[in-house]
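Report on the following structure.
The numbers here are math on the coordinates, done by the rules we state, and not lab data. What you see is a predicted model; the values in this text were computed from it and never measured. Here Cβ is always computed from backbone atoms with ideal geometry, including for glycine, and neighbour counts include all displayed protein chains.
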Amino acid sequence: MVDALHAPSYLQMSAISKAFPGVQALDKASLSVSSSEIHGLVGENGAGKSTIIKVLAGVYSPDAGSIVIDNVEQDRHSPGSVHDAGVRFIHQELNLVPHFTVAESVFMGQEISGPLGVRKRLMRKRAEEFLELSLHYRLNGNKLIRDLGVAERKLVQIARALIDNEAKVVVFDEPTGPLASNEVEQLFSAIRALRERGIAIIYVSHYLGEITDLCDRVTVFRNGQDVAVLAGADAANSQTIIQHMVGRDITTLYPERRKVGKKPMLECSNLSCRPHFSGVNLQVNSSEIVGIAGLVGSGREELIDVLYGLKTAQSGTVTLDGQPLHVDSPHIAVKNGIVLVPRDRRNTGLVLDMSVADNINLASLDEVSSYSIERKKPGKIRATALAKKLDIRPDNVSAIVRFLSGGNQQKVVLARWLATGSKLFIMDEPTIGVDIGAKVEIYQLISDLAHGGESADSALEGSSELAGDDNPAGVIISSSDPTELLGLCDRIIVLLRGEVIADKPVEELTLDSLLALTTGGNVRTTDEPLHSQ
Amino acid sequence: MNNNTQSMAFDWRGFTGYLPFLVFILMLGYLGYSAPNLLTAESIDLILRQSVPTVVVCLGLAVVVIAGGDDVVSGGIDLSIPAAAVLAAAIIADQLTNHGTAFVPALSMAMCAAMLVGVVNAFLVVRVGMTPLLATLATSVATVGITKVVTASRRINVDHPTIVGLRDNELYGLSVGVLLTMVLVVIFYAAVHRSKWGMNLQAVGGNRDAADISGIPVRRMLAQSFVVASMAGGLASVFILARGSGSSPGSEENLLLEMILATFLGAAFSPRRVVTLWGAVLGAVLVTALSIGFKSIGVNVFWTGCIKGALILFVVATAALATGKK
Amino acid sequence: MAESGQLTSSTGATFNTLAGSFFRQFGFLLIIAAVFGFFSFYATNFLTGSNLLNIVEGSSILLILALGMTYIVALGGIDLSVGIAFDFGAAFAIVALKNYDLVWYLAVLAGIGGGLLVGLLNAFLVVRLSVSPFMATLGTFFIGSSVQRIFTNGGGPISHRRAPQEFRNLAIGNVSGIPTEIIIAAVVLLIYYLFLEKSIFGKRIHAIGMQREAALVAGINVKKYLFWGFVVAGATCAIGGIIGSANLRMFSPLAGYSYLLDAIAAVFIGASLNRSGRPSVTGTLIGVLFLGMIANGLNLMGLNFNTKDALEGIILVVVLMLAVYQQKAMTHRQ
């Protein structure tokens, strides 16, 4: 373990261990943070970073180890005592009440109350002052939360955590997930303002570009241990961070690019769904991977919803293989071979309490039944074959999907659509919450899908029901990760405020030019290298 | 970011949200037109008197819905308030008429019984983890069963001076019952909308996780909301007795209908489109006005249930359309 | 919805002993056995062949309604209007016989048609207007009750003493010794079992009930299933109403209401018996028989009518509580 104490630590967690049934989530892990420091915390899913945050929060009690805050050993560690010690948490979810005002939200649970009840006017004044002075942002305290943008809501969340001026340590848990790049800057300046006030900041994020931009030091977690504490140039080099995270060199994340088909598969012209987007033209050929880039609110999510029939377009035409198609419900899309791998896997991608086999067979039950009565055995055989092909673990298809890791869950969704013989795959944030190892596998799979891949049929000899494997498919990938789009796609369209502002082959784009396009010219500097060749 | 694009189109959703309110006003306008004496001071007084029990149970339901969120299935709902009110009314009537108990001890007994219903609800929802819908439906049926034991399924007349006075005595030109109810409304308003407790209650209903991480005792607040609701039911009992000059079996069903209609209609009146106390109270008065109005233009009394049922559906359907499906 | 219920998890965690986990698994079966033992001991004539047959026969109508309810709960909804569909079934059948002199099987069809109307109204409200099932069926309940009062001028029964024997036999007849009621209920049970538990439609229905959005994205025509769910449930409950009216040779308004909570309770008791905590046809059957046993036992103990009502209500609360408790305990795996 690297010890990089260059300043006295304000918060010191040492040799923390925590086991859950069957998993050693933390194994003598340590984390130390100084005042006036932004300390990054990174690691793959399951590396233990969220567990150690929960131990710090007092949600989990550690099996072993010690926590020292401001030279005081915390022996009875509970959410209350942590709060009293000045540790505050900015959670990933925007935990706010939509119909509350800004002032009410900032003072939620700590209202100022006088003899005549809560003092709304005073709370409003204090909230506005705090936002302006400490976070450098002007916001009307009487505005309703539901009328705010995502970044503003985040600021309200921060204000709520800090309004009592007792905060010494602030933990940001994946704060930028729902933010657009320009909003991220706004958040960063607020975080830097906190550092100037002497607060210790722990910053947990998947986005390495943010870590390298923002953090003074970085602790890397792997397999429940802190494997490295990086400072200086190392903390600004994402390649170094990745190496520590994965424990090996990852040279190629993305599969080799292959030939794009000539035959147009999906053609949309002048598609509009106001106020989200309008006049969108989109063409996908067979064997082509088309990326959709765009900020939150650019209409990217809604375009996917319209293509899949979750939302209805107001105007425009869609043709599939030259035939006009009207998709107003997902079952019609599926019937026509258009399938969706949704962004919110746990809520919309899978039925979490059903087994792997049931989830795989769910869209093609007709094929594993006779006279509409389900036949368990063929269903199980088919699911097992697909699970094996995609290397879904555990390989027991009776396992309940809820307990699978993110990457394996995503593979179950893909297996379901392989079983239906689909020809156009729409993938919305296909690798969100998936660790790097599984990411590589999913990228390979997407490439194989598009090219009528070898990966598809070898495991399934004899089960001819599994159509679609020999036919190359078209793939649409919508992603907020520009490197993923650049590494995987053949062509990228960029949405800005509901309009397509670019439709270019990937060769004509660089990370900087793509970012410039998505933000409307507002380039966000990043030194994150591309991992593709 | 898409705020500017959104504002270009006419805000249909906001409009649909107001639709129930408009329809209501139109309906009352029609009734006022076809039965001109509906808008006299005398009949407004009658409307207020008649609406008193509904107003009080609505206060209770509003508290539960505010604390639980307004999704009827997973959120807060208490179907047992009318049953608790009718049980309390039965106990008071039985004690006053059949046992000669004084008013205050009779009321205390009734309040205890009603609050017991609330405590059971709170236990079932917060401890056992039943959905409020299922829990309060079950306690409501059990409560109705217990009421039958108390009354032996018979009507009990009450002519106790306190109860009669509640209806007939007047102060500053308003009936005592109406005045007392106004006081109750103010107390509930102060508690829910002006106090720390009330802000926390609203936070729990608005976003349970957010309330939890803000250090608000979510489970305790939920439990308290059910007990407060049953207390409202207990208090409503005296007004039920005053209105009907006694307790009659089976009166909980109509009260339930009016309570739900009024409370959810009230949400359509509130600027934030959520269930509020004011909305519920206003809703209760308007629903009563509607009942009396229909009666005064000679609509068969059996039809009013049908009209109210349809109104509930209308209110809820427009609310569903206004919030939009995901 | 599945996620929102997780807030209460911390209390269940203390219940971790061996005895605790045994109770979680089999607790409810033990309660059933205990209640059975209690009545065998204290209620004279409880444990006789003819009385046990009585329990089964007496549970037939409730079983039919509870099956309709099972369908809706499996879809993730609830149906507060099962009683109305029951009443409409009875009313349409009796009126068809009395006022239109229809032959008995057409009267049966008319009764089912009455239930279909109720189901269609629910389906329209839920699918077209996206009203939540609870609110929709509550509205239907109020409207349906009101319509019955209007039709009967305040709630008087419509009796038809001269109902044809074939119609009466639906309730009181028998086929080689087995009461027709039981046979009808068994047929409905079998159809529901094949449909909900064995067919691919059932699998889709359960998927919708567990996670509606996920089922939608998986290409299941959710609206179609919801629509037909309410329609079929309405028709099913009407069958119960027809048997009920055949038994008494009359239609008594609002009689169906008394089945509502029992039907809900049976479904939730049944769900608590499943490992997955899902409603199921077999679970519902056990729940119905359990409730039938309690009603029968209390009757045999010779309690006053009002007391019996109150006791049944309280027992229901306790039983539902235990059922839900067990269900939560079983599904709360870390």
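For the stretch B:52-250, the dipole from Cβ point charges (+1 on Lys and Arg, -1 on Asp and Glu) about the Cα centre works out to 220 debye, to the nearest 20. Direction-averaged projected area, Cα convex hull, the stretch B:93-155: 4.6 nm², rounded to one decimal. In whole angstrom, how far apart do the alpha carbon centroids of the stretch C:275-334 and the stretch B:81-112 sit? The stretch C:275-334 and the stretch B:81-112 have Cα centres separated by 30 Å. Nearest 0.05, what FRET efficiency do A:Lys125 and B:Tyr172 give at R0 = 45 Å with Cβ-Cβ as r? Result of the calculation: an efficiency of 0.70. Straight-distance candidates among the aspartates and glutamates for linking to A:Lys504, with alpha-carbon spacing under 14 Å and chain neighbours fewer than 8 residues away dropped: A:Glu288, A:Asp490. Let me make sure I get this right: for chain B, a, b and c are the square roots of the gyration tensor eigenvalues over alpha carbons, sorted descending. Under 1.5 in a/c it's rounded, otherwise prolate if a/b > b/c, else oblate. Which is it? Judged from the Cα gyration tensor, chain B comes out oblate (a/c at least 1.5, b/c at or above a/b). Applying 1/(1 + (r/R0)^6) with R0 = 56 Å to the Cβ-Cβ distance of B:Val186 and B:Trp303 gives a FRET efficiency near 0.95.
Dimensions of the protein assembly as shown from C-alpha coordinates, computed as largest minus smallest value along each principal axis and given longest first, are 90, 76, 65 Å. Taking a sphere under 14 Å around the Cβ of A:Gly65 and counting the other residues whose Cβ falls inside, with K and R at +1 and D and E at -1, yields a net charge of -2. Near the amide H of A:Thr317, within less than 5 Å, lie the amide hydrogens of A:Ser269, A:Leu271, all on another chain or at least 5 residues away, with H placed in the peptide plane. For chain A, the square roots of the Cα gyration tensor eigenvalues, ordered a ≥ b ≥ c, give a/c of at least 1.5 with a/b greater than b/c, which places it in the prolate category.
Spin-label model, A:Gln243/A:Asp63: points 7 Å from Cα along the beta carbon direction are separated by 3.2 nm. Annotation: extensible slack from A:Asp84 through A:Leu511 equals 149.3 nm (criterion: 0.36 nm per residue apart, minus Cα-Cα distance). When the charge dipole of the stretch C:26-331 is built from unit charges on Cβ atoms (+1 for Lys and Arg, -1 for Asp and Glu) and taken about the Cα centre, the candidate among C:Val56, C:Ala266, C:Phe36 whose Cα reaches farthest toward its positive end is C:Ala266. Compared with the dominant Cα axis of chain A, that is its longest principal axis, helix A:181-196 is turned about 20°. Anyone know which of C:Phe86, C:Phe167, C:Phe41 comes out most mobile in the 10 Å Cα GNM of chain C? Its mean-square fluctuation being the largest, the pick is C:Phe41.
Residues within the reach of a label modelled at B:Arg155 (point 7 angstrom out along Cα to beta-carbon, backbone nitrogen below 11 Å), restricted to the stretch B:241-280, are B:244-249. Toward the positive end of the charge dipole of chain A, with +1 on the Cβ of Lys and Arg and -1 on the Cβ of Asp and Glu, the farthest Cα among A:Ser355, A:Leu404, A:Ser269 is that of A:Ser355. Legend: calculated FRET efficiency, C:Ile191 to A:Ser189, from the Cβ-Cβ distance at R0 = 56 Å, rounded to 0.05, equals 0.25. Under the rule a/c < 1.5 gives rounded, and otherwise a/b versus b/c splits prolate from oblate, where does chain C land using the Cα gyration tensor? The shape class here is oblate. You can think of it this way: the chain between A:Arg346 and A:Ile436 has 30.5 nm of extra reach, that is 0.36 nm per residue less the Cα-Cα gap. Fewest-first ordering of A:Asp328, B:Asp212 by other beta carbons within 10 Å of each residue's beta carbon gives A:Asp328, B:Asp212.
In a reduced charge model with +1 at each Lys and Arg Cβ and -1 at each Asp and Glu Cβ, the stretch A:9-246 shows a dipole moment near 660 debye about its Cα centre.
GNM remark for chain B: springs join alpha carbons under 10 Å apart, and the peak mean-square fluctuation among B:Ala280, B:Ala210, B:Ala93 falls on B:Ala210. In the protein assembly as shown, the DSSP beta bridges split such that about 60 percent are antiparallel, to the nearest 5.
The local environment of C:Phe195, defined by Cβ-Cβ distances under 14 Å, has a net charge of +1 under the rule Lys, Arg +1 and Asp, Glu -1. About the centre of its Cα atoms, the stretch C:26-331 shows a dipole size close to 520 debye [charges on the beta carbon of Lys, Arg (+1) and Asp, Glu (-1) only; nearest 20 debye]. Listed by chain and number, the lysines placed with their C-alpha closer than 18 angstrom to that of A:Lys380 are A:Lys388, A:Lys389, A:Lys411, C:Lys198, C:Lys203; residues fewer than eight positions away on the same chain are left out. Ordered by the count of other Cβ atoms within 10 Å of each Cβ, fewest first, B:Trp303, C:Trp228, A:Trp417 give B:Trp303, C:Trp228, A:Trp417.
Treating cross-link reach as a plain straight distance, find the lysines whose alpha-carbon is under 27 Å from the alpha-carbon of A:Lys125, omitting any fewer than eight places away in the same chain. Within the straight-line cut-off, A:Lys125 pairs with A:Lys143, A:Lys154, A:Lys168, B:Lys196.
Which entries in the list A:Lys311/B:Lys308; A:Lys439/C:Lys224; A:Lys335/A:Lys376 go over 25 Å, if you measure between the two C-alpha atoms of each? Too far apart for the 25 Å limit: A:Lys311/B:Lys308; A:Lys439/C:Lys224.
Considering only B:Pro20, B:Pro82, B:Pro105, the Gaussian network model of chain B with Cα springs below 10 Å gives its largest mean-square fluctuation to B:Pro105. Within the shell of other residues whose beta carbon sits under 12 angstrom from the beta carbon of B:Gly129, the net charge comes to +3, with Lys and Arg scored +1 and Asp and Glu -1. Among B:Cys58, A:Cys489, A:Cys273, a tally of other beta-carbon atoms within 10 Å of each Cβ gives an order, fewest to most, of A:Cys273, A:Cys489, B:Cys58.
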